[in-house]
Every structure is written in C-alpha cells, then in structure tokens.
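Below you'll find the structure, written out as structure tokens, and then a few comments.
The values are calculated or read from the model by the stated rules, or taken from the named source; none is laboratory data. A quick note: this is a predicted structure, and the numbers were derived from the prediction, not measured. Here the Cβ positions follow ideal geometry from the backbone for every residue, glycine too, while neighbour counts run over all protein chains shown.
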Amino acid sequence: MFVMLNIFSLVCIHINSALYSTFNAVQNHAPIATAVDIGILRIRLNDQWVTMALMGGFARIGNNKITILVNDAEKSSDIDPEEAKQTLEIAEANLSKAEGKRQLIEANLSLRRARTRVEAINMLSQ
C-alpha cells in the first residue's frame, strides 16, 4: 500500500529524511527530493500541528508544495495507544528471538515501525 500526501500552502514541516536525518521546510524552500525514513512527520497548518507516523518513502518539495509518497502513514490521533504498545512489546520480543541475518533485519524494521507509532502517540500530549 502506498499513501500520497499533497500539502499545499506549505507553512512549516518537520520530516525524518534518510539523507538529511531531520529537516525543516518552510515557505520558499529550495526544491528538493529525498528519501523518507521510518519516522515522524509534523506539519503546521492553520496554526495547528498534525503529527503522522510514516513508514518510509520519498518526498519532493518545491513551489511551496510538498508531495510525500510513503509505504504507509497514520495520523497520531488515529493510532490506538494500547494496540501500539502491544505491537511494540511483540516487536521487542521478536528481536530478542531473531536468528540469522534476515530475521534480525526484519525484526529491527518491525521494531522501528512500532517505536515510531508509539512516538507519534506521545507527541499528542506535547
């Protein structure tokens, strides 16, 4: 599944980029295309912050617009906190049981996704 977000009237955005760690984009930002890592997206629109958990993809910024194409995305307000915490516990257990390179890589990715969802929930209270 792919999710495409088109954001017009770009005011301020914080995004985890695979190339730049974290960067902020503001109005009249220089055009850029980047890979998006698993992490948090925060967008300020109309004086309100929207927080989303992104599961990796690509972003393009230019002409005061941003297009983000990701494997999956969830608004923090849509994430069930209990389910997210349970998924994190399962991911941690799977990592400790992982054997072999492939299982270790998959378990690490699952753990990163689970941590990102919990982090997105925690940002709601900030």
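Going by the structure shown, is I90 β-branched (V, I, T), exposed (fewer than 15 other Cβ atoms within 10 Å of the Cβ) and over 16 Å from the mean Cα position of the chain (by Cα)? Lay out the reasoning, then the answer.
Working: β-branched (V, I, T): yes; exposed (fewer than 15 other Cβ atoms within 10 Å of the Cβ): yes; over 16 Å from the mean Cα position of the chain (by Cα): yes.
Against the criterion (β-branched (V, I, T), exposed (fewer than 15 other Cβ atoms within 10 Å of the Cβ) and over 16 Å from the mean Cα position of the chain (by Cα)), I90 qualifies.
Evaluate the following for R102: is it part of a strand (DSSP E or B) and loosely packed, with under 15 Cβ neighbours inside 10 Å? Reasoning before the result, please.
On the way: part of a strand (DSSP E or B): no; loosely packed, with under 15 Cβ neighbours inside 10 Å: yes.
Here the answer is no, as R102 does not meet what is asked.
Within region 105-125, the set of residues being polar (S, T, N, Q), closer than 15 Å to I79 by Cβ and either surrounded by fewer than 13 Cβ atoms within 10 Å (Cβ to Cβ) or at pLDDT 95 or above (or both) comprises S125 only.
So that you can scan it fast, the table gives a plain yes or no per residue for (1) surrounded by 13 or more Cβ atoms within 10 Å (Cβ to Cβ); (2) without any contact (Cβ under 8 Å) to a residue 24 or more places away in the chain; (3) more than 21 Å from I105 (Cβ to Cβ):
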position: D47; (1), (2), (3): no, yes, yes
position: L54; (1), (2), (3): yes, no, no
position: R60; (1), (2), (3): yes, no, yes
position: I68; (1), (2), (3): yes, no, yes
position: P81; (1), (2), (3): yes, no, yes
position: L95; (1), (2), (3): yes, yes, no
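Residues of region 60-99 that are of a type in the set (D, E, K, R) and part of a helix (DSSP H, G or I): D78, E82, E83, K85, E89, E92, K97. The set of residues in region 24-45 that are at pLDDT 75 or above and of a type in the set (S, T, N, Q) contains only T34.
Each row is one residue, and each column tells you yes or no for (1) assigned to a strand (DSSP E or B); (2) surrounded by fewer than 20 Cβ atoms within 10 Å (Cβ to Cβ); (3) at pLDDT 80 or above.
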| site | (1), (2), (3) |
| --- | --- |
| L5 | yes, yes, no |
| I13 | yes, no, no |
| T22 | yes, yes, no |
| V50 | yes, yes, yes |
| G57 | yes, no, yes |
